[in-house]
Amino acid sequence: MRLVAALILVAAPAAAQQTPLTFEAGKALPLANGQWSYVATAAESIATFGTQLQLRCDRSSRTVVISRLNSTPASLTIVADSTSRTLPLNGQVPANDPLLDAIAFSRGRFIVAGGTGPTIAVPSWPEPARSIEDCRN
């Protein structure tokens, strides 16, 4: 019993020392390797960052799904300069959600954490903004 209590006390400070991910801390991350691409069809548009990240607009439901590529579905935390949020497991966000504006207009980058990949800093280029805007029109 004492051993268990001692282990809990030893582990507690380590957990308390974990700092939450912030935009300021994320500025220390190098930008992830890759380029944005954009493809539009009548039903959807997709902004893809290399082999790592995708923003998919479903025009019929007016939602944007943010996901890591080649990864099992997981909760992702998105950090932009003006806001941060942990997305639900399916990564689905309504097209009018302010988080999408924060991604599109973030100062040079936004941060993605969670899933099976490392925390990455992704450049804020026009392609994700175009896909977001497709869902609003």
Extension reserve of the LYS27-GLU133 stretch, reckoned as 0.36 nm per residue once the Cα distance is removed
35.6 nm
Long-range HN-HN contacts of LEU53 with modeled amide H, under 5 Å:
LEU69
Pairing the Cα long axis of helix 126-136 with the longest principal axis of the chain, what angle in degrees results, from 0 to 90 and rounded to the nearest 10?
70
Simple SL model, points at 7 angstrom along Cα→Cβ for THR77 and ASN90; separation in nm is 2.4
Choose one answer from VAL64, VAL93, VAL112: the residue with the largest mean-square fluctuation in a GNM of the chain with alpha-carbon springs under 10 Å.
VAL93
Residue by residue through segment 21-26, what is 3J(HN,Hα) from phi via Karplus (6.51 cos²θ - 1.76 cosθ + 1.60, θ = phi - 60°)? Round to whole Hz and write x for glycine and proline.
5, 10, 5, 4, 5, x
In debye, nearest 20, what is the charge dipole magnitude of the chain about its Cα centre with +1 on Lys and Arg Cβ and -1 on Asp and Glu Cβ, if you could check?
260
Treat each spin label as a single point 7 Å out from the Cα along the C-beta direction, and report the ASN70 to VAL39 distance in nm.
1.6
For segment 61-73, what does the Karplus curve 6.51 cos²θ - 1.76 cosθ + 1.60, with θ = phi - 60°, yield as ³J(HN,Hα) per residue in whole Hz, taken in order and with x for Gly and Pro?
9, 6, 10, 10, 10, 9, 8, 7, 7, 6, 9, 5, x
Out of segment 73-137, which trypsin sites (Lys or Arg not before Pro) are coil in DSSP terms and have no more than 13 other C-beta atoms within 10 Å?
ARG107
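Any read-out appearing in this document is the output of simple, stated calculations on the displayed coordinates, not a laboratory observation. Computed from a predicted model, the values in this text were never measured in an experiment. A quick note on method: Cβ atoms are made from the backbone with ideal geometry, for glycine too, and the neighbour counts reach across all protein chains shown.
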